[in-house]
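Working notes, structure below.
Here, each number is a calculation from the coordinates, and none is a lab measurement. The structure displayed is predicted, hence computed values, not measured ones. Reconstructed Cβ throughout: ideal geometry from the backbone, glycine too, with neighbour counts over all protein chains shown.
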Amino acid sequence: MNSDGPKSGKKRREIRAKLVKKLTNDEDDSVKLVKNNNRGPKRGREGQSDVDEPLIKKAASTKPLDAQIAKTSDSYLSKTRFDQFPLSPLSLKAIVDAGFKTMTVVQEATLPLILQGKDILAKAKTGTGKTVAFLLPSIEAVIKSPPASRDNKHPPIIVLVVCPTRELACQAAAEANILLKYHPSIGVQVVIGGTKLPTEQRRLQKSPCQILVATPGRLKDHIDNTSGFATRLMGVKVLVLDEADHLLDMGFRREIERIIAAVPKQRQTFLFSATVPEEVRQICHVALKRDHEFVNCVQEGAGETHQKVSQMYMIASLDRHFSLLYGLLKKHIADNVGYKVIIFCTTAMVTRLVADLLGKLSLNVREIHSRKPQSYRTRVSDEFRKSKSIILVTSDVSARGVDYPDVSLVVQMGLPSDREQYIHRLGRTGRKGKEGEGVLLLAPWEEYFLSSVKDLPITKSSLPPIDHEAVKKVQKGLIQVEMTNKEAAYQAWLGYYKSQKKIARDTTRLVELANEFSRSMGLSIPPAIPINVLGKMGLKNVPGIRVAPGFDKKHTKRNNRSR
Ligand SMILES: Nc1ncnc2c1ncn2[C@@H]1O[C@H](COP(=O)(O)OP(=O)(O)OP(=O)(O)O)[C@@H](O)[C@H]1O
């Protein structure tokens, strides 16, 4: 057994990065199945029980916690120690090794309720330790479950954690492995899209898996196609929906309903997120028991983002966006040794375009989006986590949950999909009480978005004076960007803004704006779009749109595949 002393944050992150890599790349991340879990009563240093009854009772007596603010201080740490709760000594040992001294506010607020058997809907700011908050008690549930017999062909999955993105699923599994350092009998596995289903099936068969972390689509695939998987899910005692509001919104709703139907009704369910809009409160009963507790560690409005993160917005016509971005980055790089920047773009193809352009401008850029293979995404994510003096251009696959340390600036280019997404993206900086900056870059016709974040401390920034040299450099860079990237970005841009009701209402105006975007990429004529794509977007015959000549169905399919 390893008996390392407490780990520094850096060391812990390195371990976690290694684990994330292993979880996505390895075929076999097996751990030995051992029967005894070594759990027993623990005495505190002064000979007292480590079960701090008052802590548990305090939470019980505050019922209902509904909409009550658990704690409003800006500090993300509480004064409560982990050993004040009846947790496995082996978990406590791992916590010491991880270097966690006291609980975070959300951990302190939720743990007693969870240990009492309650279902939880918990809201806490970004980067404040929600993952550990749901993993620690989940591990307790595994410990309390009788070990599966060796000849059980379909050993039960006890804890099912559902995350909206692959990166997040791997990260949660890696964090679980840190907490399970001294629980060699408990196995964690991830099932995510972008990897081969049979590989996962073999791993699920071969290696212990009391805790499964999954993305919704792939989980559904296993329910439908993996033999014995549905039986294993009938053993679930704890279901966790991480980034719950996102999982319960329309994009994932059907898969989540299917998943909920596949696990027993008799279970405990935890929903965690940094944002819980009212609509989600209305529908959370699809997953939670009626008597669930809503633990809110966030003050509405200004409290939803971190005080130490300065938030600014800039309004400028589209033709200035790339030069403004370049100027902003150059200034940030000059002012911040070891800068680490994340730029969020509206779609995968716009992300590729921006990354391509910034690369041409000799900046140290990486890109992550859904069109990249999973192995690439994992490698880049790992590199960004460890590096300094680096810029990550990304789509919303990195918006939620991803824990990159020391991000100094988050830039959001164009309209965020909603207020919640704005908060989650911004939350990639200022984690664990650190400082950070956020800049939202909008065109004048996107300014309406600001009304949805008017209660947040976001202030208008004046536009920096035009640097003609920088403008020239950007224009030159744009000429070097591949035409196919520009075409794909144009089409994706149209698709994204077509889904924004306020803008899409007037399709003629929408196409005018898209053509403005096309000009901002240095194109004098907007790219032509295949007729069937226009049909799907509902943009056939809109003035200003160019139809790709001679596209029949077959041709279009071939063309799309090559993108
Ligand atoms: N008690 C603790 N003390 C110190 N660090 C902690 C503690 N608990 C968790 N952490 C660390 O805090 C960081 C942020 O945690 P985590 O990623 O779970 O945040 P989160 O609240 O889920 O954020 P998001 O809303 O962005 O998903 C992680 O690096 C994690 O290891």
Proxy reagent accessibility, fewest Cβ within 10 Å first, across V411, V286: V286, V411
- prompt: Under a plain spin-label model, where a point goes 7 Å from the Cα along Cα-to-Cβ, how far apart in nm are S227 and D291?
  reply: 4.3
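For H468, H321, which order do you get if you count the other beta carbons within 10 Å of each Cβ and list the fewest first?
Working: H468 9, H321 20.
With the fewest neighbours first, H468, H321 line up as H468, H321.
Can you tell me how much longer the chain between R258 and E300 gets when fully stretched, taken as 0.36 nm per residue apart minus their C-alpha distance, in nm with one decimal? Walk me through the numbers on the way to the answer.
Details: separation 42, 0.36 × 42 = 15.12 nm, distance 3.22 nm.
Gain on extension, R258 to E300, equals 11.9 nm.
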query: Say each of E447 and R281 gets a label point 7 Å from the Cα, pointing the same way as Cα to Cβ; how far apart are those two points in nm?
result: 3.2
- request: Treat each spin label as a single point 7 Å out from the Cα along the C-beta direction, and report the R519 to M234 distance in nm.
  value: 6.5
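Ranking V481, V190 by Cβ neighbours within 10 Å, fewest first, what do you get?
Values: V481 20, V190 28.
Listed from fewest to most nearby Cβ atoms, that is V481, V190.
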- prompt: Amide H to amide H, which residues 5 or more places from V439 or on other chains are under 5 Å from it, using H placed in the peptide plane?
  reply: M312, V410, V411, Q412
field: Cβ-defined net charge surrounding S417, 11 Å radius [Lys, Arg +1; Asp, Glu -1]
entry: -2
- prompt: Once the other residues with Cβ under 12 Å from the Cβ of A261 are scored (Lys, Arg +1; Asp, Glu -1), what is the net sum?
  reply: +2
message: Give the separation of the Cα centroids, the range 309-366 to the range 89-138, in Å.
response: 35
- request: Within the range 130-167, find all residues whose amide N lies under 16 Å from a label point positioned 7 Å from the Cα of Q205 along Cα-to-beta-carbon.
  value: 152-155
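Pull out a ≥ b ≥ c, the square roots of the eigenvalues of the alpha-carbon gyration tensor of the range 369-505, then state rounded if a/c is under 1.5, prolate if not and a/b is larger than b/c, and oblate in the remaining case.
Taking the square roots of the gyration eigenvalues as a ≥ b ≥ c, the range 369-505 is rounded.
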- line: Phi-derived 3J(HN,Hα) across the range 439-452 with the Karplus relation (6.51, -1.76, 1.60, θ = phi - 60°), rounded Hz, x for Gly and Pro, is 10, 10, 10, 10, 8, x, 6, 9, 4, 4, 4, 4, 5, 7
task: Would you grab the residues whose amide H sits under 5 Å from the one on V161? Only those 5+ places off in sequence or on another chain, please, with H modelled 1.01 Å from N.
output: L212, V213, A214, V240
- prompt: To the nearest Å, what is the center-to-center distance of the range 216-284 and the range 490-525, using C-alpha atoms only?
  reply: 36
query: Once you list every other residue whose beta carbon is under 14 Å from the beta carbon of L510, what net charge do they have if Lys and Arg are +1 and Asp and Glu are -1?
result: +2
- prompt: Looking at the square roots a ≥ b ≥ c of the eigenvalues of the Cα gyration tensor of the range 329-409, which shape do they give, rounded for a/c under 1.5, prolate if a/b is larger than b/c, or oblate?
  reply: oblate
